[in-house]
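Take a look at the structure below.
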Amino acid sequence: MCWPAMLTGTLRAADPILYSFRRCPYAMRARLALAISATPYILREVKLSAKPAAMVAASAKGTVPVMVLADGTVIDQSLDIMRWALARHDPARWLARDDRDLIAQCDGPFKQALDRYKYPERHGADPRDHRESGVAFLRAVEAQAAPEFGLTDAAIIPFVRQFAGVDRGWFDALPLPHVHAWLNRFVDGPLYAAIMLRLAPWAPGDAPVRMPQPALP
Ligand SMILES: N[C@@H](CCC(=O)N[C@@H](CS)C(=O)NCC(=O)O)C(=O)O
């Protein structure tokens with residue numbers, strides 16, 4: 001930050017605001033890109049059953065994440081928030097690993113299989129059929145494993161984490177060594193810890209939660 005901003009705080013006051021929900025995979029991917037790009041922003045945790053009026057006024061579709069920039073621009077699709085943050089600053093070269101086809105498979109068939117596997121009671125479905133469709137996507141992820149983590153990885157890994165969590169024993173027994181190592185490294189790593197802050201839902205008048213949070217000593 002330049003010295004006039006440190007003195008006046010004016011730039012910080014204009015940081016973008018992110019409406020988010022801690023465990024939402026779409027919001028997680030947005031927070032990952034904001035974290036790796038070291039983008040300053042104000043984080044507002046949302047309770048999905050009681051969305052703040054300010055969020056709905058910014059984006060009537062009522063899904064998280066929603067980012068509101070200082071000039072009033074609203075970005076209300078998670079992938080757009082990722083690309084906006086990385087276009088600003090991409091120190092880890094995440095944009096070099098942007099596989100739109102794999103991300104579309106994640107957001108389409110894999111997300112559908114995940115919902116039906118995780119919540120069979122809502123879909124009247126046999127969860128085992130749907131987890132097998134999910135495995136088809138995981139095989140594609142396994143085949144494209146790379147040592148570098150990038151935009152594609154950050155976009156899909158929150159969904160794979162949810163899928164793994166439904167029945168960890170079954171997931172761990174799948175013959176997908178790269179997927180297992182990739183997911184474990186991510187969940188044990190500093191970036192994951194940095195984006196998974198536990199916060200009470202935001203209410204108007206609350207002190208701003210400024211991101212990134214200072215690193216612990
Ligand atoms: N296409 C949107 C999808 C976002 C989305 O569906 N988020 C879920 C939470 S994970 C949501 O806000 N659902 C609304 C609700 O549950 O009321 C994006 O990529 O940002």
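The values are calculated or read from the model by the stated rules, or taken from the named source; none is laboratory data. Everything quoted here is computed from the prediction, not taken from an experiment. Because the Cβ atoms are built from the backbone with ideal geometry, glycine has one as well, and the counts that use them run over all protein chains shown. Note: areas computed on protein heavy atoms with side chains; ligands, DNA, RNA excluded. Shrake-Rupley method; radii C 1.70, N 1.55, O 1.52, S 1.80 Å.
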key: Qualifying helices (runs of 4 or more DSSP H) (wholly inside segment 1-108; at least 1 residues being farther than 25 Å from Leu199 by Cβ, hydrophobic (A, V, I, L, M, F, W, C) and at pLDDT 95 or above)   = 78-88, 100-105
ask   = How do the pairs read when you match residues in segment 190-203 that are more than 12 Å from Ser20 (Cα to Cα) with residues anywhere that are among the small types (Gly, Ala, Ser), using Cβ under 8 Å and keeping only pairs 6 or more apart or on different chains?
value = Leu191/Ala35; Ala194/Ala35
request  = From (1) open to solvent by less than 50 Å² (accessible area, probe 1.4 Å); (2) touching a Leu at 6+ places or on another chain (Cβ under 9 Å), pick out the condition that doesn't hold for Leu95.
outcome  = (1)
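Being assigned to a loop (DSSP other than H, G, I, E, B), touching a Pro at 6+ places or on another chain (Cβ under 8 Å) and surrounded by 10 or more Cβ atoms within 10 Å (Cβ to Cβ) is the filter here; which residues of segment 204-217 pass it?
Hit for segment 204-217 is Pro212, nothing else.
Select from segment 80-102 the residues that are more than 13 Å from the chain's Cα centre (by Cα) and among the basic types (Lys, Arg) and write down the one among them that is nearest to the ligand (Cβ to nearest atom).
Arg100
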ask   = Among Gln77, Gln105, Gln112, which is of a type outside the set (Val, Ile, Thr), out of contact with any Ser or Thr (no Cβ under 7 Å at 6 or more places or on another chain) and near the ligand (Cβ under 10 Å from one of its atoms)?
value = Gln77
remark   = Residues in segment 61-74 that are β-branched (Val, Ile, Thr), near the ligand (Cβ under 10 Å from one of its atoms) and open to solvent by 20 Å² or more (accessible area, probe 1.4 Å) total 1
remark   = Of the residues in segment 23-38 that are of a type in the set (Lys, Arg) and within 9 Å of the ligand (Cβ to nearest atom), the one that is nearest to Val74 (Cα to Cα) is Arg29
key: Identity of the residue in segment 39-59, within 12 Å of the ligand (Cβ to nearest atom) and farther than 30 Å from Asp90 by Cβ, that ends up surrounded by the most Cβ atoms within 10 Å (Cβ to Cβ)   = Lys51
task = Within segment 171-190, count every residue that is part of a helix (DSSP H, G or I) and open to solvent by less than 40 Å² (accessible area, probe 1.4 Å).
result = 6
